[in-house]
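As structure tokens, the structure follows; a few thoughts come after it.
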Amino acid sequence: MRAHAAARTWCSVGFFIEFSDPIGAHMDPDQLLERYRELQSYLDWTDDDRVRIATAAPLLETCFQSLIDDFYAEIQRHPGTRKVLTGGHAQIECLKGTLLKWIQELLGARYDADYVVRRWRVGWRHVEIGLDQVYTNVALSRLRMGLLRCLQERWQGDPGQLRETARSIHKLFDLDLAIIEDAYQSEYMLRLQRAERLATLGEVAGGVAHELRNPLNVVKTSVYYLLNAGNSTPQKNADHLKRIERNVELADNVISSLSSFARIPLPDLRPTEVEALVRDALEVNPPRDGIELVIDCPEPLPSALGDPYQLRIALGNLIRNANDAMEHGGRLAISGYLVYGSVEISVSDTGVGIEPKDLDRIMEPLYTTKARGLGLGLAIARSIVEKNQGSLRVSSTLGRGSTFTIRLIALYGDGAA
């Protein structure tokens with residue numbers, strides 16, 4: 001019994017899985033069949049092709065075993081394919097049997113939902129065992145050439161009909177490769193997305209833990225003081241209550257940032273005055289002491305297409321980022337200008353600048369060069385600007401400062417771009 005189970009495992013870990021393998025139970029056979037029919041139509045597959053395959057099958061049967069032996073002999077010659085054969089001679093013999101079934105079905109001229117599901121499972125399994133799909137392509141090409149060579153050697157009828165039959169075999173192999181490739185890519189992408197989601201979840205969890213731990217510790221110590229300080233003054237109690245309130249707000253801001261990034265609504269696009277946008281953003285995000293503010297938004301500047309509320313958030317994030325870059329003071333310059341039919345708003349600082357290696361990633365979610373922060377401010381800004389049919393770019397010189405530039409569609413007197 002144990003040996004039989006091992007043989008089944010070996011048969012499901014190679015180029016062709018055992019047909020009774022339960023893989024693919026989650027798939028909808030009707031949808032796969034519809035997909036296969038679409039591919040058939042693309043290749044102009046007709047019932048005449050099916051009839052030609054059924055007619056040629058008896059001529060090819062005597063070649064099956066030699067083709068199968070050659071198939072697995074070639075596989076064992078290459079490290080990239082040999083690595084999946086872990087069960088020795090017993091596994092190879094088992095897989096030869098499954099390949100024989102595969103060829104018989106290929107030429108059996110019954111291309112129903114069960115047939116398509118079994119083809120799909122081949123691609124699915126190759127992702128499971130880590131076999132590069134390119135090896136499946138070349139392995140089946142070798143098998144295809146062998147069948148065509150066998151057909152030519154045994155054909156005794158009309159040469160024109162031979163060419164038509166060979167063309168039908170080409171179509172059939174192309175269809176099998178297409179459905180196997182489709183399965184491979186679908187499963188590969190699912191696994192890649194799953195891994196990326198887990199990695200992102202880990203990054204988010206680490207960032208949230210880092211950002212929440214400090215305010216929670218402050219709250220904890222203040223609560224401890226309020227509960228246990230026997231001779232505390234009213235002023236001291238009020239100070240600790242303010243500390244608690246302030247740090248609860250900090251924690252709430254972390255959660256709000258995550259929520260804002262996850263659910264940025266569709267913008268309400270309308271004419272937006274750049275000067276008013278800059279003024280509103282600065283009102284909420286004023287420069288710190290020691291930072292010189294310079295604003296240059298000329299009056300003739302046309303309105304920009306955008307959602308004023310969303311763009312104010314994006315611009316505010318850029319201003320905060322500039323403030324953070326100038327810990328010891330500096331110059332914050334905000335400019336608006338017209339460039340080739342677009343309105344551009346630049347936010348420049350004279351801060352520490354950005355390392356060249358970080359420039360390409362600085363606006364990615366959860367990527368930050370700061371000791372504190374989730375790395376969502378710039379990602380939110382870029383997401384908002386892009387939803388408003390604009391773009392956000394950055395330039396920076398290490399030690400001299402950075403410039404972030406928002407580009408938006410310009411609107412003129414009649415509201416047209």
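A few points about this structure:
- Taking amide H as placed 1.01 Å from N in the peptide plane, the amide H of R331 sits under 5 Å from that of E292, T350, each at least 5 places away or on another chain.
- Each Cα pair of region 43-175 feeds into the Kirkwood radius, which the Stokes-Einstein equation turns, at 37 °C and 0.692 mPa s, into a diffusion coefficient of 208 µm²/s.
- Sequence-distant lysines (8 or more away, or on other chains) whose Cα lies within less than 27 Å of K101: K83, K171
- Between region 41-95 and region 156-180, the Cα center-to-center distance that results, in Å: 15
- Rg then Dmax, both in Å and based on the Cα atoms of region 270-411: 14.1, 42.
- Ranked D70, D280, D268, criterion: other C-beta atoms within 10 Å, fewest first: D268, D70, D280
- Sequentially through region 67-82, phi angles give Karplus couplings (6.51, -1.76, 1.60; θ = phi - 60°) of 5, 5, 4, 5, 4, 7, 5, 5, 4, 6, 7, 10, x, x, 9, 5 Hz, Gly and Pro residues having no value and appearing as x.
Taken together, the values in this text are just the output of simple stated rules run on the coordinates, not laboratory data. Treat the numbers as computed from the prediction; the structure is a model and nothing was measured. For neighbour counting, all protein chains shown are included, and Cβ atoms are generated from backbone atoms with ideal geometry for every residue, glycine included.
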